Structures are given as C-alpha cells and as structure tokens.
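Reading through the structure tokens given below for one structure.
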Amino acid sequence: MNRLIVPTDFSTIQEAVDAAHPGDIIEVLASGGPYAGATVSTNGLSLKGIGDPVVEDSSNGFFLNGVSGVSIEGFTVQNSVHGINLSSSNNNTIEKNTIQNNSVSGVSLLASDSNKIKKNIAKNNSVDGLNLSSSNNNIIEKNTVQNNIVQGIWLSSSNNNTIEKNTFQNNGIHGITLASSNDNRIEKNTVQNNSVSGITLASSNNNLIEKNIIENNELNGITLMTSNNNMLEKNTVQNNFLNGINLLVGSNNTIEENIVQNNGSDGIELERSDHNTLEKNTVQNNVFDGIELEGSDHNALEKNTVQNNVFDGIELEGSDHNALEKNTVQNNAFDGIELEGSDHNALEKNTVQNNSVDGIELLGSFNNTLEKNTVQNNGFDGIELEVSRDNTLEKNTVQNNGSDGIELEVSHDNTLEKNTVQNNGFDGIELEISHDNTLERNIVLNNGSDGIELEGSDNNTIEKNTVSNNKVNGINVASTSEQNIVIKNTALNNEDIDLVVDPNTNTVANNICNTSDPDGQCVGGC
C-alpha cells in the first residue's frame, strides 16, 4: 500500500489516480486546490480530502467507471455536471463529502450496486441531490440533502436499497421519489419543507416506509400512485399543506401505527384504491376529514383513533365492501362516520362519540351492516339514514346523542334489530317518509321525546320492541303513517301515552302497555 499526496507528489488528482495501484491511498490537500475532477478506473483506491479540498469545473467531479472497493471522503465537489458519478461500479463508499451547485446531480449511480453513500451534504444541485438508476442494494445513510432544484433523492428501477436516517429538506419537488422501484427500505428519515410531497412512490411495490418524520411539505406528506404491497408503519406525518397520506390507485398496501396530524386537507385519503389495510393509526387535528375513501373498495379500517378533525372523522364516498371495525371516532367537528353513495360496507364494534353533528350518517347508501357499535354523545343524531335502503343495524348501543338516537329519512327496506337506544335528546328511533323497514327487539329507553315515532311512513313492521320511560310517547305512529304492523311490543311507563296508533289504518295487536290512543289497545299492562 502506497500513500500518494496531491499536490506534493502529483499536481492533479487525475495524475495520482493514474499512477496508483489497488490498495493505495491518495491524500488531497486543500492548500493546492481547487482541483479538476478525476476518473477512477482502478479498484480498491482510497481518496481522502485533507482540510476539505475543492473539486470543481469538470463534467464529473469524480467519475467511478466500472470499479469496486473505492472510497471518496472529505471533499467539496461543486460546479460540475455530476458531482460524484458511479457507472457500473459496486461496493464503493462515498462518505463525508459536500456535493453542491452541480448542474445535474450531486451523487449519481447508474447500474451500480452495493455502494454506501454516507454522511454527505448534497445541496443546491440543479436537478437531484442523489440519483439512483437501475442500482440495487445500496445504503444511503445519514446524508443531508437540501435545496436541490428538483428531487432530494430519485430512485428509478432501483431495488433493495436502504435509505435511512437522512434529512431531505427544502427540495424543489419531492424529498424522496421512487419510480418503478421495489423492495426498498425508507426508515428514520426526516423529510420536511419540500415544495411538493415528502415521499412519493410511483409504480413501486413492496417497499417499507417506517419511522420517518414527514412534515411541512407543500403538497402531501406521503403519496403512493399505482403502487402496491407497500408497508407504511410508525411514521409521523404532520403539518403538510394537503393530505398526510394519499393513495391513488394503489392496492394491498398496509398503513399501520402512523401518527397523521395537523395536515391541511385529509389525514389519510384513498382514491380508487382497493384491498388496503389501515390499522392502529392516530389521525387527528386535520383540516378536512380524518380518513376519506373515494371510489375505494374492499379496504379494512381497524383499531384506528380518528379525532379532532375539522370535518368528518371517516368518510366513504362511492366506496363499497369496506370493513370498519373497532375504530374510535371522536370529537370531530362534523359526522363521526359518513357513508355517501357507498354500499355493502360493514361497520362493527366501533366507538363513535362526541362528534359535533351525527355519529354515523348514511346518505344514499345501500346494503351496509352496522353491528355492535357504540354511538354516543354526538351533537345531533346518533345514526342517521337518508335516502338509504337495505341496510342492517343490529346490536348497536346508541345513547346520549343531542337529537334522535336513530333517524331514517326517505329510507326503505332497512332492518333495525336488537339495538339499545337510550337517553337521546329527542326521539329514540324516528322514521320520516320511510317505508318497508323492520324494527324488531330493540330496547328504547329514556329518550327526550318519543321512543319510536313514525311520520309519513308506511308499511313498516314494529315488533317485539321494549319502549319505556321516554319523555313523551312510547310508540307514536302519526296519522300520516299507514299500513304499518305494530305487534308484540312492550311499551310501559312513558310520560305521555305508551302507544299511539290508528288501528283502522294500521295493524295493531298484542302490545303490552298501560295507555293507548285510541283507548283499549293494550294487552296485559301493569
């Protein structure tokens, strides 16, 4: 091993490189600079800057051409086309350099694998800070990549790379971009203040995005476009101008245990994205919805906490066959959960509470199942169905809501069974201009007005419900409602009349009550 010193032994870096043999160390003193760049075609060389020498004014500051085992450390590389350029070069180390003001990229890898790019500063380059093309199994670690005109780092057709513990900030488009790049690991980076999105994946699959801080970007925190089977886990995504996390036409991705907060639009938005899993995320204080699904089907939302968002907690728009289970949706300024034009969804065992408008609202939504949810302390209705049909509401607890417990408005062929509806501010269950619904075996207690009220609603079946201690009537079928079946209910101890129904226009039989209007319709009252 020989030590070659520039400018003591050689006047230029290129002369020293041309004279060196594998294993030699080339030391470049700052005092002789600035230097022209060099092309390295010999394996195993170590180039070390002493005192931060400047390399500039060449097409490449350093060009590694088909070499391995080369290290470049301690230089400022500037005013070139590419600062440091690796082509078909593997197992090299680029470390502790400042690469700046180059007309294309700071560090560029082309068809170069298993290199280490560590602890460099890549800034103010006219295109990308770091660029990988068809380059695999590289480690990009602890670099500061900032103020580049286009991307912080760009990966194209590059797989199995690790991007870890870097800072990507103030770049002109995205902090990190993957295009047609798979099986990469993006972990523990800080990605902030980039002019578009923090992290963007386009047609990139099976990547891991974990434990990053992604904040203050001018579009989305994380954007996935036509990207599948990615894992987004334990990231903090906050204070981005639009969405925290945005999936566009992406499938089979997992979004788990992230904190998504204080973003300028939705916390998490899925657009035309199917078969994704959102689990155990905390989504809070976003300016629009906490979680929004638009035209997105067969997704699973489980055990998320969605709170303090300025619009709805969770909104499904034109989204079908999704499963919402065991989520806590609370303190949102509009509805807790809203389904609009969304069919065949299952809402089970969610806690929906303290939202300013409705707990759960279905608007123009069909064939959904709401089961075993707790819907409480919401400002208006607990559950509202508007222009919605063929839905099943079963074994829900709906209590302490400011208006009705459950309201159906222009909604048909729905089934309400074995729900507990109590202590709501107005009616327990209200049907308005709604027909062919079935209310069976519900417990309706202590509501501020009627227990069950039908207004302008025909052909409904009210059977085997327990309706008691409501502040006005127990069961009230208004004169505008006809051809309803009211049988085998227990309506007792309501403050006004237990059972109000016209037997001439409705079928009334075998109800247990104390008082009725007209009289004489109670069987076995206490």
Which residue pairs have Cβ atoms under 8 Å apart, sit 6 or more places apart or on different chains, and have a first residue in region 376-394 that is under 15 Å from Gly364 (Cβ atoms) and a second that is open to solvent by 10 Å² or more (accessible area, probe 1.4 Å) and of a type in the set (Gly, Ala, Ser)? Glu386/Gly364; Val387/Gly364; Ser388/Gly364
Have a look at Ser156, Ser134 and point out the one that is modelled with pLDDT of 95 or more, open to solvent by 10 Å² or more (accessible area, probe 1.4 Å), under 26 Å from the mean Cα position of the chain (by Cα) and of a type outside the set (Phe, Trp, Tyr). Ser156
Let me confirm something: among Ser87, Ser41, Ser59, Ser11, which residue is touching a residue at least 24 places away in the same chain (Cβ under 8 Å), open to solvent by 40 Å² or more (accessible area, probe 1.4 Å) and polar (S, T, N, Q)? Ser41
Which listed residue is over 22 Å from Glu386 (Cβ atoms) and either among the basic types (Lys, Arg) or open to solvent by less than 40 Å² (accessible area, probe 1.4 Å) (or both), from Glu338, Glu256, Glu271: Glu256
Taking region 169-202 as the search range and keeping residues that are touching a strand residue (DSSP E or B) at 6+ places or on another chain (Cβ under 8 Å) and on the phi > 0 side of the Ramachandran plot, which one is most open to solvent (accessible area, probe 1.4 Å)? Lys188
Residue pairs within 6 Å by beta carbon, gap of at least six or interchain, first lying in region 419-439 and touching a residue at least 60 places away in the same chain (Cβ under 8 Å), second open to solvent by 20 Å² or more (accessible area, probe 1.4 Å) and basic (Lys, Arg), listed first then second, are none
Within region 341-366, count every residue that is among the β-branched types (Val, Ile, Thr) and open to solvent by less than 10 Å² (accessible area, probe 1.4 Å). 2
Based on what the data block shows, is Asn171 in contact with an Asp or Glu (Cβ under 6 Å, 6 or more places away or on another chain) and not β-branched (Val, Ile, Thr)? no
If Leu64 satisfies every condition in (1) of a type in the set (A, V, I, L, M, F, W, C); (2) open to solvent by less than 50 Å² (accessible area, probe 1.4 Å); (3) more than 25 Å from Met1 (Cα to Cα) but one, which is the exception? (3)
Which ranges mark the strands (runs of 3 or more DSSP E) fully within region 416-526 that have 2 or more residues being touching a Gly at 6+ places or on another chain (Cβ under 9 Å)? 420-422, 429-432, 443-445, 452-455, 466-468, 475-477, 490-492
Do we find that Val310 is modelled with pLDDT of 95 or more and assigned to a loop (DSSP other than H, G, I, E, B) in this structure? yes
Applying the selection to region 413-446, what residues are surrounded by fewer than 19 Cβ atoms within 10 Å (Cβ to Cβ) and either in contact with a Ser or Thr (Cβ under 9 Å, 6 or more places away or on another chain) or of a type in the set (A, V, I, L, M, F, W, C) (or both)? Asp413, Thr415, Glu417, Thr420, Gly425, Ile433, Asp436, Thr438, Glu440, Arg441, Ile443, Asn446
With the condition being of a type in the set (Asp, Glu), I'd like the strands (runs of 3 or more DSSP E) fully within region 161-249 carrying at least 2 qualifying residues. none
Residue set Val249, Val237, Val191; condition modelled with pLDDT of 95 or more, farther than 26 Å from Asn143 by Cα and of a type outside the set (S, T, N, Q); output residue Val249
Gly129 - would you say it is at positive phi, of a type in the set (Gly, Ala, Ser) and at pLDDT 95 or above? no
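The values are calculated or read from the model by the stated rules, or taken from the named source; none is laboratory data. Since we're looking at a predicted model, the values are computed, not measured. Don't worry about glycine lacking a Cβ; one is built from the backbone with ideal geometry, like all the others, and counts go over all protein chains shown. Heads up: the accessible areas ignore ligands, DNA and RNA and are worked out on the full protein's heavy atoms, side chains in. Shrake-Rupley method; radii C 1.70, N 1.55, O 1.52, S 1.80 Å.
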